[in-house]
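Q: Handing you this structure, nothing more for now.
The values are calculated or read from the model by the stated rules, or taken from the named source; none is laboratory data. Note that the coordinates shown come from a computational prediction; the quantities given were computed from them, not determined experimentally. Every residue, glycine as well, gets a Cβ built from its backbone with ideal geometry; the counts of neighbours run over all protein chains shown. In case anyone asks, the SASA skips ligands and DNA or RNA and just uses the protein heavy atoms, side chains included. Shrake-Rupley method; radii C 1.70, N 1.55, O 1.52, S 1.80 Å.
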Amino acid sequence: MAGTREQAAARSVFVTGGNRGIGLATARRFAAAGDRVAVTYRGDRPPADDNLLAVRCDVTDAGQVDQAFKEAEAAHGPVTVLVANAGATHDRLLLRMTEEDFTSVIDTNLTGAFRVARRAVRGMIAQGHGRIVLISSTAALHGAAGQTNYAAAKAGLVGFARSLTHELGPRDITCNVVAPGLTETDMSRALTEEQRRHLLARTPAGRLAHPDEVADAVAFLAGAGYVRGAVIPVDGGAGLGH
């Protein structure tokens, strides 16, 4: 029966930006469940995990995206679960932000998700099944000073997911969004102590999320057949549903 865990068989999972942080925690969650998992990375930092297939890929390059999928498909079969997690920041107040600061973040966080989703959907339609999870941010929902580029890109993922949900219609292919709040990653460790205090003061949980807690939400959506176009915040209550 569709939706009762395609879970019974190992799935081919593709996680962008899977060499650290939320992406790595998510990839390991799927691998621990018995799935075949490919992760993308840029530069010279592949994950040191023999359970994961590491493929070099810059999501701003459509050619590299296509090649990465070919490598994953050759090793694991057609991708049935896509987690679009690759992201970048370049924080500046608007008056100091260059056009390159803005467009580069949009290209990685939003257009990059478009590139990998477009490539994945081709195979999912052929299979008649698929799960797409886009990693957004609570910055998309309540904004953040100095992050007009990042917040705009992450908010765009919501509209993208909901429009794709309409396009996919009755097919057994879902597209949903996870919106993490402040999480223990390299990005949060780059914050000043004052910034961390300010953000934690707005978080009822009183602490940062662990990447595994974000992976919990991703894993749920990868097994949920009737949840479509949803935005699930994993933010310790900071957004209170917004």
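Q: What residue, among those in segment 118-165 that are outside any loop (DSSP other than H, G, I, E, B) and without any contact (Cβ under 8 Å) to a residue 24 or more places away in the chain, is nearest to residue 102 (Cα to Cα)?
A: In this case the residue turns out to be 151.
Q: So if I check each of 110, 141, which one is within 30 Å of residue 198 (Cα to Cα), open to solvent by 20 Å² or more (accessible area, probe 1.4 Å), modelled with pLDDT of 95 or more and aliphatic (A, V, I, L, M)?
A: 110
Q: Another one. Kindly indicate whether residue 213 is at pLDDT 80 or above, open to solvent by 10 Å² or more (accessible area, probe 1.4 Å), in a helix (DSSP H, G or I) and closer than 18 Å to residue 15 by Cα.
A: In short, yes.
Q: Still on this structure, I have one more. For residues in segment 186-196 being open to solvent by less than 80 Å² (accessible area, probe 1.4 Å), under 14 Å from residue 144 (Cβ atoms) and in a helix (DSSP H, G or I), which is modelled with the highest pLDDT?
A: So, considering only residues that are open to solvent by less than 80 Å² (accessible area, probe 1.4 Å), under 14 Å from residue 144 (Cβ atoms) and in a helix (DSSP H, G or I), the one modelled with the highest pLDDT is 196.
Q: For segment 216-229, what are the residues that are hydrophobic (A, V, I, L, M, F, W, C) and either assigned to a helix (DSSP H, G or I) or in contact (Cβ under 8 Å) with a residue 60 or more places away in the chain (or both)?
A: 217, 218, 219, 220, 221, 222, 224
Q: Does residue 40 satisfy the condition of being in a loop (DSSP other than H, G, I, E, B), more than 20 Å from residue 172 (Cβ to Cβ) and of a type in the set (Ser, Thr, Tyr)?
A: no
Q: Would you pick out the residues in segment 69-94 that are over 18 Å from residue 150 (Cα atoms), open to solvent by 10 Å² or more (accessible area, probe 1.4 Å), assigned to a helix (DSSP H, G or I) and not charged (D, E, K, R)?
A: 74, 75, 76
Q: Here is a check on your reading of the model: is residue 239 of a type in the set (Gly, Ala, Ser), out of contact with any Lys or Arg (no Cβ under 8 Å at 6 or more places or on another chain), farther than 30 Å from residue 34 by Cβ and open to solvent by less than 70 Å² (accessible area, probe 1.4 Å)? Lay out the reasoning, then the answer.
A: Numbers: of a type in the set (Gly, Ala, Ser): yes; out of contact with any Lys or Arg (no Cβ under 8 Å at 6 or more places or on another chain): yes; farther than 30 Å from residue 34 by Cβ: yes; open to solvent by less than 70 Å² (accessible area, probe 1.4 Å): yes.
It is true that residue 239 is of a type in the set (Gly, Ala, Ser), out of contact with any Lys or Arg (no Cβ under 8 Å at 6 or more places or on another chain), farther than 30 Å from residue 34 by Cβ and open to solvent by less than 70 Å² (accessible area, probe 1.4 Å).
Q: Continuing with the same structure: Criterion first (among the β-branched types (Val, Ile, Thr), in contact with a helix residue (DSSP H, G or I) (Cβ under 6 Å, 6 or more places away or on another chain) and within 19 Å of residue 234 (Cα to Cα)) does residue 178 satisfy it?
A: Yes: the conditions hold for residue 178.
Q: Sticking with this structure for a sec: Counting only residues that are assigned to a helix (DSSP H, G or I) and basic (Lys, Arg), how many does segment 197-210 have?
A: 1
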